[in-house]
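Please read the structure below before turning to the comments.
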Amino acid sequence: MSRPEKKKRSIAKRILRALMITAGSFLLLVIIAVVLLFTQQQRITNMAVEELNKQFKGAFAIKKSSIDLFRNWPNVSIALHELRFFPDKSQTGTPIYEAEKLYVGFSLPDIFRQQYNVRRIFLKGGKLNLVREKNGQFNLMEAKNLGSDTTTSSEPDTAAALQIDLKKAVLKDLNISFLDKTDGRYYNAIVSKLTSSFKTDSAAVEVSLETNLELDLTSPTDTTFFRHKKIALDFLASYDKKKKFLQLSEGGIKLEEAELSLTGTAAALNKALDLDLAVKGNKPNMEFVSALIPDNIKEILKPFKYDGRLYFDGKIKGILAKGQLPLIELNFGLEDAWFHNTNADKKVDKFGFAGFYTNGKEHNLKTSELRMTNVSARPGKGLFDGNFVVRDFTDPHVMMQLKSMLELQFVGEFLGIPDLKHITGTVKLDMNFKELTDLNLPEKALHKLKEGVQSELTVTDLSFRIPNYPHPVRDMNLHAEMRNGKIILDTLRLKVGNSDLRANGMLSDLLAVLHENEKPVTLALNLHSNKIALKDLFAHDTAKANRVQEEINGFGLGIQLATTVKELRNPAPLPKGQFELKELKASFKKYPHVFHHLGATVSINDTALLLRNFTGMIDSSDLQLKGRVVNYPIWFQSVKKGKTQVAFDFKSSRLALKDLLGPVSKTWVSQSYQEEQGSNIWLRAKADLRYDSVFKFAKVKIANVSGSLKNHKLKLDSISGGLLYGNKILKLDTLKGKIGRTDFDLNLRYYTGDNPEFKKKTNYLHFKSRLLDANELMSLDFESMAAFRAAPAAVPDAPVITNAVLQPGNQTQVVRAGNPDTSNHAKAFNIFMIPFSDFEVKAEVGRLRYKRLGISKITAQLRMQEDHMIHIDTLGMNVADGSMGIRGYLNGVDPNKIFFRSRITVNDVDLEKMMIRLDHFGQDMVINKNIKGRLTGKIRSHVQVHPDLVPLINDSKAELDVEIRDGTLVDFAPMQAMSGYFKDKNLRMVRFDTLKNVLTFTNGTLDIPSMNINSSLGFMEISGKQSLDMKMEYYMRIPLKMVTQVGFRALFGGKKQEEVDLDQVDDIEFRDKDKRVRFMNIKITGTPDDYKIGLGKDKRKKK
């Protein structure tokens, strides 16, 4: 080996040795660093967690930590597993943020110096849950405030031992959510990857950020607008801690395919920011608009192609603080844009505008201004040109210049919306509306309007369909103008189905509506129609359309409202002012009447609604109504609370029910009243009502009810009184007046509740009348309503009325009883099955006109008790030149066994004047035509009745202790049976002086004990019994002398029957008790139609 080679070899060995020593040293250092890191990792982790938990109100928690040498090589990393940050020290609930793994990287030289500077951070799989509470507090900010028990500051050496000097931070698969409870908005961002680097020290922070994420935004009212939007951010910024100054040198935002740049500065002041930012759109195309369109709308817009140049730039400069905004100025616009519906081959061309927005010199809504100038488009053969400016967003003032003409068929086909495809017609709108006089905008392309006309709208031959409605709206023509702020609709015509409609109207001052709250304004609307088919209007609901078959012809409606702008904008609940019904007229097909000349005026103030002069005609009937509603807002409340009053005054000189009733309402009114006609009708009343969440009471005052009925010859006069209802109490207070000749004064109290205090007071009905004309009242037709009219059911056990011919030409009605069948009565409604309350009735009637009875001085006092007892304490009257008194009670304690017990006293009553006719199944039954005279006596009875109060005759008892003076038997059946023996006497009219006896009625049979009668036939004794089926068994003891004379004449002839004067009045023959008289006993059995006479004695008579 040569010397040079040896030298080279020696040098190589020395180099190798040096490299090995260096590598070994480095390896030794790494091993030492790793050993130090392994031994110190827990200390570093605990130190970091302890230091952070001292500073924050919340709490960090880590499941475990480990060493990873290669994650951030050449830095050595500590891996924190399942890192969580809780809102408080309890470490319960949902963490504010959490990470599956967090790698924190440290440099080896720093570790040797025991300086733990964080150089790298890598996060994988994390969540950040941010919440803004309703009070404005953020959960993260609240959790990172210093806690009251953690105020001890860290030691200087410890604080200095852990520094953050990030070179790089990487976040992957991070889910960030933010719920703003103040408005319900919810934001969610899924960060697929975020790469950032920043360096921080005591003086400054430098940050770079690059990320891709997907953002969702939802709100309570919108869940579709901003969904699944892909966003890319690229920022480079620096922050000077001392000056509190942020410099954004590079800022890029990419939303879908749209790109914006954001640069500028922000300086932190005391509770404020001083901003100087610039924003600009980097792509001059339609991608920005496309990026903002929701996905569901994008699906709809798939048939459309579009393009154009869109520009956008702006600046934000000034102070941002609470209650203060910086200056905001934005310039935006669209040029040479077009939209093409490829499916319909319809195109809107030359679409563009220039826009500008600023919040003005005061940086608020008041000084804000939005301009849209040179707005233009060419929709098919139509055109659209205009300028638009709005200033002062708190009270907008507008300048609008517009020239447009649209073919609606083109619009419908272009948009491709199914419901608009059938729309046809032309809309032309020209406008030159200026509220802003300090603006000069180009008008050369606009129509020149008539002098004083600010806008003109013309719609020609418009036809369209309404979704889910079968009939198209067709032949619609409209013309409206605005002159000096006044909108005039002079023409509106349209047709729907078989219906037509015409309208016109006006709004007096549009400018006032827009700006001047206190200025008066008037609205008017007039509607007319030749025919309105309601089934066409309700055709969207087949079931309802089938029910509504009415047609309105000759319809006319004119209304007007005079109010102020403030009231029109903020009705509470109705706008204060004056509402006028100028005209209402209509005729109907199903409801065969005509409304005409109807009009009204309604004044509305803060609390009252006043109806003045509601007048008009329905057919030939006239109406006039006035009224008021005090505290009317209560009727618009979902929960009513307070007092209100409703009052009315109604008059009509002629009111015919046939002018008011329709086919259905006729069924509720009897036939005779359907043709009734009232005249001089006057109804006046008011009602005070009170509510406290629920109805409390009503106090009604009837001031007057009067009028006359033409067909029923009845007059109502001066009816007035009070009514109170509330707390389950009904009271009538002095309800008085006249119905025909009858006057009345009525008071009533009736309580149906369970309050023991109210139940202590007895319910009552007090009735007074000077004259009660029952004949007149009963002549009124109170038959059942036609809808419910039915033939009366047969009542088998009631007496059956027949005509029994006892003598030629004599038709006295008698009563015959059939076999009783009580099933119908037993099933009848039983009033005693419902609860009773204590109730008393007092009545005083001066005169009662009933049939031909002369009844006067009626007094009555009755009581009803809770135990189902009804007592007649007093019922007295003067009747038929005498008097009558009744006492008794109706016992319903056992509702299955109801009975009536009574005691009736009669004093010197003229039986002929007591001619009582009872209506029984439509026939008259005269109950006392066989006897005349003056009656005095007492009647005691015990009668069991059905639930409908029909007597059970077989279970009834009565005792009649009666005396009849100066009497006459007229067509008395037993006497008629003896007609063959008394041909020389008038047997149809047998006079007697006194008839006195005690009769008993038991089990449907009247028992007549023996009694002596001094009569015009002679004196005789009569006894026997008679049942309700007219079967009789009478025994007569006739003096033998009288019989001999009679028999003689019967056997041997004599005077003929024709010689007896039927009207002759024979003298009464009296029995001489001092003389011994021999009698013949005669027995009469059978019925008045079929009887036989023979000899026989009454075996019941004591010998």
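The values are calculated or read from the model by the stated rules, or taken from the named source; none is laboratory data. It should be emphasised that the depicted structure is a prediction, and the values quoted were computed from it without experimental measurement. Positions of Cβ are generated from backbone atoms using ideal geometry, with glycine treated the same way; all protein chains shown enter the neighbour counts.
What about Leu657, is it within 36 Å of the chain's Cα centre (by Cα) and either more than 26 Å from Tyr591 (Cβ to Cβ) or among the hydrophobic types (A, V, I, L, M, F, W, C) (or both)? Outline the logic, then answer.
Numbers: within 36 Å of the chain's Cα centre (by Cα): yes; either more than 26 Å from Tyr591 (Cβ to Cβ) or among the hydrophobic types (A, V, I, L, M, F, W, C) (or both): yes.
So Leu657 passes the test.
So in region 254-279, with the set limited to residues that are under 54 Å from the mean Cα position of the chain (by Cα) and closer than 15 Å to Gly323 by Cα, which one is surrounded by the fewest Cβ atoms within 10 Å (Cβ to Cβ)?
Lys271
Report, by residue number, each residue of region 487-530 that is touching a helix residue (DSSP H, G or I) at 6+ places or on another chain (Cβ under 9 Å) and either of a type in the set (Lys, Arg) or within 15 Å of Leu557 (Cα to Cα) (or both).
So in region 487-530, the residues touching a helix residue (DSSP H, G or I) at 6+ places or on another chain (Cβ under 9 Å) come out as 487, 496-499, 507, 509, 512-521, 523.
Within region 487-530, Lys519, Leu523 meet the criteria.
Filter region 865-892 down to residues that are free of Cβ contacts under 8 Å to residues at least 60 places away in the same chain and either hydrophobic (A, V, I, L, M, F, W, C) or in contact with a His (Cβ under 9 Å, 6 or more places away or on another chain) (or both), then give me how many there are.
Kept after step one, since they are free of Cβ contacts under 8 Å to residues at least 60 places away in the same chain, are these residues of region 865-892: 865-891.
Keeping just the survivors that are either hydrophobic (A, V, I, L, M, F, W, C) or in contact with a His (Cβ under 9 Å, 6 or more places away or on another chain) (or both) gives 865, 869-870, 872, 875, 877, 879-880, 884, 886-891.
Adding up the residues that qualify gives 15.
Is there any pair with a first residue in region 1081-1100 that is farther than 17 Å from Asp1007 by Cα and in the same structural domain as Leu1028 (by TED's automatic domain parsing) and a second that is modelled with pLDDT of 75 or more and not in a strand (DSSP E or B) whose Cβ atoms are under 7 Å apart and which are 6 or more apart or on different chains, and what are they?
Listed by first residue and then by second, the contacts come to Asn1081/Gly1096; Asn1081/Lys1097; Pro1088/Met1030.
State whether one or more residues within region 451-461 are in the same structural domain as Asp385 (by TED's automatic domain parsing), within 42 Å of the chain's Cα centre (by Cα), at pLDDT 85 or above and crowded, with 17+ Cβ neighbours inside 10 Å. Give the derivation first.
Taking region 451-461 as the starting set, the residues that turn out to be in the same structural domain as Asp385 (by TED's automatic domain parsing) are none.
No - not one qualifying residue is present in region 451-461.
Can you tell me how many residues in region 881-907 are touching a strand residue (DSSP E or B) at 6+ places or on another chain (Cβ under 6 Å) and closer than 16 Å to Val943 by Cβ? It would help to see each step written out before you state the result.
First, the residues of region 881-907 that are touching a strand residue (DSSP E or B) at 6+ places or on another chain (Cβ under 6 Å): 881-892, 898-907.
Those left that are additionally closer than 16 Å to Val943 by Cβ: 886-892, 898-904.
Selection size over region 881-907: 14.
So, in region 651-676, how many residues would count as being buried (at least 17 other Cβ atoms within 10 Å of the Cβ) and part of a strand (DSSP E or B)?
Count: 4.
Just checking, does region 900-912 include any residue being modelled with pLDDT under 90 and exposed (fewer than 14 other Cβ atoms within 10 Å of the Cβ)? If you could, list the steps in order and put the result at the bottom.
So the first thing to find is which residues in region 900-912 are modelled with pLDDT under 90, and the list is 909-912.
Filter once more, keeping what is exposed (fewer than 14 other Cβ atoms within 10 Å of the Cβ): none.
Checked against the condition, which is being modelled with pLDDT under 90 and exposed (fewer than 14 other Cβ atoms within 10 Å of the Cβ), region 900-912 yields no hits at all.
Filter region 560-581 for residues that are in contact (Cβ under 8 Å) with a residue 60 or more places away in the chain and small (Gly, Ala, Ser) and give the result.
Ala572
Do we find that Tyr764 is touching a residue at least 40 places away in the same chain (Cβ under 8 Å) and under 32 Å from the mean Cα position of the chain (by Cα) in this structure? I'd like the intermediate steps shown before the answer.
Details: touching a residue at least 40 places away in the same chain (Cβ under 8 Å): yes; under 32 Å from the mean Cα position of the chain (by Cα): no.
Answer is no for this residue.
Taking into account only those residues within region 40-67 that are within 18 Å of Arg120 (Cβ to Cβ) and surrounded by fewer than 16 Cβ atoms within 10 Å (Cβ to Cβ), which is modelled with the lowest pLDDT?
Ile67
Testing Val398 on (1) farther than 29 Å from His340 by Cα; (2) at pLDDT 90 or above; (3) aliphatic (A, V, I, L, M), one condition comes back false. Which one is that?
(2)
Which of the residues spanning region 166-185 are in a strand (DSSP E or B) and either farther than 19 Å from Leu215 by Cα or not charged (D, E, K, R) (or both)?
The initial filter retains those residues of region 166-185 that are in a strand (DSSP E or B), namely 166-180, 185.
Listed by number, the residues that qualify are Leu166, Lys167, Lys168, Ala169, Val170, Leu171, Leu174, Asn175, Ile176, Ser177, Phe178, Leu179.
Has region 1001-1015 got at least one residue that is on the phi > 0 side of the Ramachandran plot and at pLDDT below 85? Outline the logic, then answer.
From region 1001-1015, those on the phi > 0 side of the Ramachandran plot are 1003-1004; that's our starting set.
The next check asks that each one be at pLDDT below 85; those that pass are 1003-1004.
Yes - at least one qualifying residue is present in region 1001-1015.
So which residues in region 620-648 are assigned to a strand (DSSP E or B), touching a residue at least 40 places away in the same chain (Cβ under 8 Å) and not small (Gly, Ala, Ser), if there are any at all? Quick ask: steps written out before the conclusion?
Of all residues in region 620-648, those assigned to a strand (DSSP E or B) come to 621-630, 641-648.
This time we only want the ones that are touching a residue at least 40 places away in the same chain (Cβ under 8 Å), so: 641-647.
Passing the criteria: Lys641, Lys643, Thr644, Gln645, Val646.
In region 858-904, what residues are farther than 21 Å from Asp961 by Cα, assigned to a strand (DSSP E or B) and among the basic types (Lys, Arg)?
Arg863
Could you tell me which residue of region 68-116 is nearest to Lys127 (Cα to Cα), considering only residues that are at pLDDT below 80 and basic (Lys, Arg)?
Filtering first and then ranking leaves Lys89.
What are the residues in region 495-533 that are over 21 Å from Glu583 (Cα atoms) and either of a type in the set (A, V, I, L, M) or in contact (Cβ under 8 Å) with a residue 60 or more places away in the chain (or both), if any? Don't jump to the end; show me each part of the working.
Our first condition is that a residue be over 21 Å from Glu583 (Cα atoms); within region 495-533, this holds for 495-498, 509-520.
Within region 495-533, Val496, Leu510, Leu511, Ala512, Val513, Leu514, His515 qualify.
Which residue is farthest from Leu320 (Cα to Cα), if the candidates are limited to region 349-371 and must be at pLDDT 90 or above and among the aliphatic types (A, V, I, L, M)?
Top of the filtered list is Ala354.
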